[in-house]
Protein chains: 2
Amino acid sequence: MQIDIQLLPVSPVPSLVSTKAIVVIDVLRATSVIVHAISQGALEIIPVATVEEAFQKAKNFPQSTTLLGGERGSKKIKGFDLGNSPREYIAEKVKGKRVILTTTNGTKAFHSVSSGREVMAGSFFNIGAIGGRRLDLGQDLLIFPSGDEGRFSLEDMVCGGMLIDRILNKGNGPITLTDASQSALILYQRFKENLVEAFRLSTHGRDLIERGFEEDLAYCAQIDITDIVPTFRDGVIRSSFAPSLSPRGEGKGEGNDR
Amino acid sequence: MQIDIQLLPVSPVPSLVSTKAIVVIDVLRATSVIVHAISQGALEIIPVATVEEAFQKAKNFPQSTTLLGGERGSKKIKGFDLGNSPREYIAEKVKGKRVILTTTNGTKAFHSVSSGREVMAGSFFNIGAIGGRRLDLGQDLLIFPSGDEGRFSLEDMVCGGMLIDRILNKGNGPITLTDASQSALILYQRFKENLVEAFRLSTHGRDLIERGFEEDLAYCAQIDITDIVPTFRDGVIRSSFAPSLSPRGEGKGEGNDR
């Protein structure tokens with residue numbers, strides 16, 4: 001089994017993506033939001049690329065069960081219900097709801113790797129659950145940090161490195177690391193005693209502090225607070241074990257458990 | 001002053017490259033060869049992309065002063081004078097000679113960034129000289145690892161990180177690091193007591209050992225063995241202080257010192 005990490009969110013993504021399990025990581029903050037929301041009872045997240053697409057998509061669903069969430073310039077979008085802080089995505093707001101989410105980097109990343117054999121959302125919140133799930137699957141893994149507007153982001157590498165560390169520590173079978181995943185592991189080892197230090201060093205972490213979201217840094221650095229593994233399939237992110245909520249009039253009725 | 005490092009040899013290179021000083025790094029082994037050859041008295045290196053181009057280019061120059069060097073699959077190319085081991089590029093072979101060089105990654109990298117304000121060749125051999133030169137120039141720096149067939153290479157990141165460390169330690173003025181250059185610095189710090197360990201962990205280092213070039217690893221890990229700063233300009237790499245050798249019939253007569 002090989003573990004690789006995609007250092008830059010290049011498009012098109014490298015070949016053979018369809019043979020691999022993919023973990024999309026945008027710790028600050030899209031995948032932290034996604035994991036948090038689903039762990040708090042959100043039934044599904046629909047990641048979309050643009051604000052316009054979010055408003056358009058919302059028309060397909062009952063207003064009572066649908067929320068608009070996301071950010072531009074780190075801030076809540078006008079007319080949206082929620083911003084991009086995981087602290088907002090609590091049970092009393094999201095339980096039983098569908099969230100249509102658009103963020104600068106993270107939500108696009110899911111669509112970039114939609115051809116992956118399985119596409120999961122990872123963050124520090126569910127790092128142990130993702131690590132465990134990977135071993136069940138046994139196929140090659142590509143960690144896909146969403147980056148910071150096309151640039152490499154330190155915090156996502158550190159999270160990817162922690163995932164690699166968890167998988168290696170379980171000691172199941174031979175695992176090959178690429179130079180990139182080896183480097184992610186080293187970066188994680190540098191910050192493992194203090195993940196927030198990595199956030200504070202990172203460009204995006206510093207931006208968030210400047211824009212008033214400093215509390216999100218410590219919040220997003222919480223490790224293993226849920227066992228949820230959100231999985232992206234057919235344009236929708238759901239927990240493998242959550243019940244489906246069908247779009248209005250489509251009555252799909254399919255379960256989410258693969 | 002900002003220091004950035006290009007993690008993947010993407011094409012086209014990012015915008016604004018023309019405002020920056022560039023250091024191309026291919027420690028294993030193209031830029032080690034280039035720095036070594038010039039430090040041993042080679043008058044110029046002409047990096048070309050293909051074997052055919054190398055043979056073609058050689059026709060423009062007197063045979064007595066022209067050598068063909070490089071590799072494919074790490075091995076010397078049929079009909080060439082020299083391979084891609086810096087140990088071959090010693091004074092008794094290269095002094096007073098022009099080397100037309102083609103390698104899998106490094107020689108292409110120079111052409112990718114030819115629009116840079118200044119394009120230098122860096123390796124562990126001349127890391128101090130490059131670091132000092134950078135401070136003289138004062139403009140933003142982009143470190144450009146040539147990668148391993150489009151993939152990220154650990155050993156070049158470690159070398160880039162050492163260059164950053166040297167520049168920071170001189171303490172001249174405020175220096176901004178990107179997430180990528182911050183990561184390179186951390187990777188260097190991990191291996192600074194044992195650079196060969198980084199080579200042995202890297203994919204390309206392991207390939208070289210397998211192909212019989214293990215001795216090149218320790219050789220390429222030598223630090224500050226020369227003060228030469230080879231600079232790429234108009235398709236040719238020369239030391240800033242070396243005399244020019246004009247192509248046959250062109251009689252350019254221009255000096256190399258900018």
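From (1) within 14 Å of another protein chain (Cβ to nearest Cβ); (2) part of a loop (DSSP other than H, G, I, E, B), pick out the condition that doesn't hold for A:LYS78.
Tallying (1) within 14 Å of another protein chain (Cβ to nearest Cβ); (2) part of a loop (DSSP other than H, G, I, E, B), A:LYS78 fails exactly one: (1).
Of these, B:ASP165, B:ASP179, B:ASP140, which one is free of Cβ contacts under 8 Å to residues at least 12 places away in the same chain and under 27 Å from A:ALA184 (Cα atoms)?
B:ASP179
Only one of (1) open to solvent by 40 Å² or more (accessible area, probe 1.4 Å); (2) modelled with pLDDT of 95 or more fails for B:ILE164. Which number is that?
Going through the list (1) open to solvent by 40 Å² or more (accessible area, probe 1.4 Å); (2) modelled with pLDDT of 95 or more, B:ILE164 breaks only (1).
Give the stretch A:194-213 a look and list any residue that's out of contact with any helix residue (DSSP H, G or I) (no Cβ under 8 Å at 6 or more places or on another chain) and within 14 Å of chain B (Cβ to nearest Cβ), or say none.
Correct list: A:ASN194, A:ASP207.
State whether the residues of the stretch A:56-67 include one that is surrounded by fewer than 24 Cβ atoms within 10 Å (Cβ to Cβ), assigned to a strand (DSSP E or B) and modelled with pLDDT of 95 or more.
In the first step, residues of the stretch A:56-67 are kept if they are surrounded by fewer than 24 Cβ atoms within 10 Å (Cβ to Cβ); the result is A:56-67.
Subsequent filtering for residues that are assigned to a strand (DSSP E or B) retains A:66-67.
Restricting the remaining residues to those that are modelled with pLDDT of 95 or more gives A:66-67.
Yes, that holds for at least one residue.
Could you go through the stretch A:38-45 and let me know if any residue there is buried (at least 22 other Cβ atoms within 10 Å of the Cβ), within 14 Å of chain B (Cβ to nearest Cβ), β-branched (Val, Ile, Thr) and within 26 Å of A:LEU142 (Cα to Cα).
No - not one qualifying residue is present in the stretch A:38-45.
Considering every residue within the stretch B:1-15, establish whether at least one is more than 14 Å from chain A (Cβ to nearest Cβ) and either open to solvent by less than 10 Å² (accessible area, probe 1.4 Å) or within 17 Å of the chain's Cα centre (by Cα) (or both).
No.
Which condition breaks for B:GLN189 when tested against (1) surrounded by fewer than 23 Cβ atoms within 10 Å (Cβ to Cβ); (2) of a type outside the set (Phe, Trp, Tyr); (3) touching a Leu at 6+ places or on another chain (Cβ under 7 Å); (4) within 11 Å of chain A (Cβ to nearest Cβ)?
The single condition B:GLN189 does not satisfy is (3).
Residue by residue through the stretch B:197-224, note down the ones that are of a type in the set (A, V, I, L, M, F, W, C) and either open to solvent by 60 Å² or more (accessible area, probe 1.4 Å) or touching a Pro at 6+ places or on another chain (Cβ under 6 Å) (or both).
Taking the stretch B:197-224 and keeping what is of a type in the set (A, V, I, L, M, F, W, C), we get B:198-199, B:201, B:208-209, B:213, B:217-218, B:220-221, B:223.
Of everything in the stretch B:197-224, those that are of a type in the set (A, V, I, L, M, F, W, C) and either open to solvent by 60 Å² or more (accessible area, probe 1.4 Å) or touching a Pro at 6+ places or on another chain (Cβ under 6 Å) (or both) turn out to be B:ALA218, B:ILE223.
Residue by residue through the stretch B:85-131, note down the ones that are β-branched (Val, Ile, Thr), open to solvent by 10 Å² or more (accessible area, probe 1.4 Å) and either under 11 Å from B:ALA37 (Cα atoms) or within 12 Å of the chain's Cα centre (by Cα) (or both).
Hit for the stretch B:85-131 is B:ILE90, nothing else.
Output the residue which, of all residues in the stretch B:110-167 that are β-branched (Val, Ile, Thr) and touching a Leu at 6+ places or on another chain (Cβ under 9 Å), is nearest to B:GLY205 (Cα to Cα). Break it down stepwise before answering.
At the first step, the residues of the stretch B:110-167 found to be β-branched (Val, Ile, Thr) are B:113, B:119, B:127, B:130, B:143, B:158, B:164, B:167.
Those left that are additionally touching a Leu at 6+ places or on another chain (Cβ under 9 Å): B:113, B:127, B:130, B:143, B:158, B:164, B:167.
Values: B:VAL113: 25, B:ILE127: 20, B:ILE130: 24, B:ILE143: 20, B:VAL158: 13, B:ILE164: 22, B:ILE167: 26 Å.
Result: B:VAL158.
Before we move on, is A:SER18 outside any loop (DSSP other than H, G, I, E, B), more than 14 Å from chain B (Cβ to nearest Cβ) and either at pLDDT below 95 or touching a His at 6+ places or on another chain (Cβ under 9 Å) (or both)?
On the way: outside any loop (DSSP other than H, G, I, E, B): yes; more than 14 Å from chain B (Cβ to nearest Cβ): yes; either at pLDDT below 95 or touching a His at 6+ places or on another chain (Cβ under 9 Å) (or both): yes.
Answer is yes for this residue.
Of the residues in the stretch B:74-116, how many are charged (D, E, K, R) and touching a strand residue (DSSP E or B) at 6+ places or on another chain (Cβ under 6 Å)?
Selection size over the stretch B:74-116: 4.
Those residues that are modelled with pLDDT under 95, open to solvent by less than 70 Å² (accessible area, probe 1.4 Å) and of a type in the set (A, V, I, L, M, F, W, C), I need them from the stretch A:229-258; list them, please.
Hits for the stretch A:229-258 are A:ALA242, A:LEU245.
Report every pair of residues separated by at least 6 positions or lying on different chains whose Cβ atoms are under 7 Å apart, first residue within the stretch B:59-85 and free of Cβ contacts under 8 Å to residues at least 40 places away in the same chain and of a type in the set (D, E, K, R), second outside any loop (DSSP other than H, G, I, E, B) and open to solvent by 60 Å² or more (accessible area, probe 1.4 Å).
No pair meets every condition.
Yes or no: B:ASP148 closer than 28 Å to B:LYS75 by Cα, within 13 Å of chain A (Cβ to nearest Cβ) and open to solvent by less than 20 Å² (accessible area, probe 1.4 Å)?
yes
The values are calculated or read from the model by the stated rules, or taken from the named source; none is laboratory data. Keep in mind the model is a prediction, meaning the values are calculated, not measured. With ideal geometry, Cβ positions are generated from the backbone for all residues, glycine too; neighbour counts draw on all protein chains shown. Only protein heavy atoms, including side chains, enter the accessible area calculation; ligands, DNA and RNA are left aside. Shrake-Rupley method; radii C 1.70, N 1.55, O 1.52, S 1.80 Å.
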